[in-house]
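Structure, as structure tokens:
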Amino acid sequence: MADLVREVMTPGVVAVRPDASLVEAAQLMRAQDIGDVLVAGGREVIGVLTDRDITLRAVADGADPLTVSAGAVCTPHPVVIGPDDDVSAAVELMRRHAVRRLPVVEDGHAVGMVSLGDLAVSQDPASALADVSRAGPHSRPGTPPAG
């Protein structure tokens, strides 16, 4: 079982500028096969943008995803954690703030992401969430393989 966030996080970050359109962000999510991106100005994390944010905060309201910016729809000032923090601290932050992902920030710069699934794989490898997290999106029935 891992003790530190750096042992369970997904290293590296996928980010968009605050002025990027929601279409740009969604295309990046699709290309990277992920459900969220950081919104960053330079190396500073401004927010987290999820596929759910795009759907509920823009598309469901009839907004044009070509003209709405990531910065306008993202969750600003996200809760973050450090790579040398204990995994238990990540669990507690997710519980307290009801979030599924935490940007991992070191010296003011994003260095990775830790998700609820990452924690499940590490802390409870026999759980259903760990199984789903390990399987990945292309192992679901009815989902065509990448290619």
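Modelled spin labels at Asp33 and Arg95, positioned 7 Å past Cα toward Cβ, are 3.3 nm from each other. The trypsin sites (Lys or Arg not before Pro) of segment 1-72 meeting both criteria, a DSSP state outside H, G, I, E and B (loop) and at most 14 other C-beta atoms within 10 angstrom of the site's C-beta, are Arg43.
Working note: Karplus 6.51/-1.76/1.60 with θ = phi - 60° gives segment 92-103 the couplings 5, 4, 4, 5, 4, 9, 6, 10, 9, 9, 10, x Hz, where Gly and Pro are set to x.
Amide H contacts for Val16 (H built 1.01 Å from N in the peptide plane; partners 5 or more residues away or on another chain; cut-off under 5 Å): Leu38, Val39, Ala40.
Near Glu106, the amide H atoms lying under 5 Å from its own belong to Val111; only residues 5 or more places off or on other chains count, and H is placed 1.01 Å from N. Stretching the chain fully between Asp3 and Arg43 yields a gain of 11.7 nm (0.36 nm per residue, less the alpha carbon separation). Taking other Cβ atoms within 10 Å as a rough exposure proxy, Asp118, Asp61 sort from fewest to most as Asp61, Asp118.
Under a 5 Å amide H cut-off, with hydrogens placed 1.01 Å from N, Val68 pairs with Leu22 among residues at least 5 apart or on other chains. Looking at segment 1-119, the DSSP beta bridges with both ends there are about 85 percent antiparallel. Shown in residue order for segment 66-81 are the 3J(HN,Hα) couplings computed by the Karplus curve 6.51 cos²θ - 1.76 cosθ + 1.60 at θ = phi - 60°: 7, 10, 8, 8, 4, x, 7, 10, 5, 7, x, 6, x, 5, 10, 9 Hz (x for Gly and Pro).
FYI, it's all coordinate maths here, none of it is from the lab. This one's a predicted model, so the numbers in the text were calculated from it and none came from an experiment. Backbone-built Cβ (ideal geometry, glycine too); neighbour counts: all protein chains shown.
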